[in-house]
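A quick write-up on the structure given underneath.
The numbers here are math on the coordinates, done by the rules we state, and not lab data. This structure is a prediction, so every number in the text was calculated from the model and none was measured. Positions of Cβ are backbone-derived with ideal geometry, glycine not excepted, and every protein chain shown enters the neighbour counts.
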Amino acid sequence: MSLDLLTIFVSESVSSILGWLGTGFYLLAYLLISINKVKANRYTYHLLNVLGAAGLIIHAIYMNDGPNLICNLAWLSIAFIAIISISRRKIKQN
């Protein structure tokens, strides 16, 4: 998606808010797993990472920040792979 196309749907302030929300979701996920409130084999942790990555991806696209974009696309992919793995494991258990 080019910056021009993104600016049609997202303003700079919205992009910034989504970036900060993404950061908050990442930090919350890390805090919760660090204090054993969530587990890596459950959906909650990975959904927080998906939300975090999504917000930061939008902000990275808006800011034309390639390294940040690639890092968060990788993070998003890892979270989706984990969610699929958890889902498959639950299907096999049932």
Per principal axis, largest first, the Cα atoms of the chain extend in Å by 47, 27, 21
Sequence order, segment 34-44: Karplus ³J(HN,Hα) from phi using 6.51 cos²θ - 1.76 cosθ + 1.60, θ = phi - 60°, Hz rounded, Gly and Pro as x, gives 5, 9, 6, 8, 10, 10, 5, 9, 10, 5, 3
With -39,500 (n - 2.57) per DSSP H segment of 4 or more residues and division by the full residue count of the chain, the 222 nm estimate, nearest 500 deg cm²/dmol, is -29000 deg cm²/dmol
Relative contact order as a percentage, the chain, C-alpha pairs under 8 Å and 6+ apart, gives 31
So, with points 7 Å from each Cα along the Cβ direction, the Leu47-Asn68 label distance in nm works out to 2.7
If every Lys and Arg gets +1 and every Asp and Glu gets -1 at its Cβ, then about the Cα centre segment 3-93 yields a dipole, in debye to the nearest 20, of 880
The farthest towards the positive end of the charge dipole of the chain, of the residues Gly52, Ile33, Ser11, given +1 on Cβ of Lys and Arg and -1 on Cβ of Asp and Glu, is Ile33
For segment 15-61, the Cα convex hull volume per residue in Å³ comes to 50
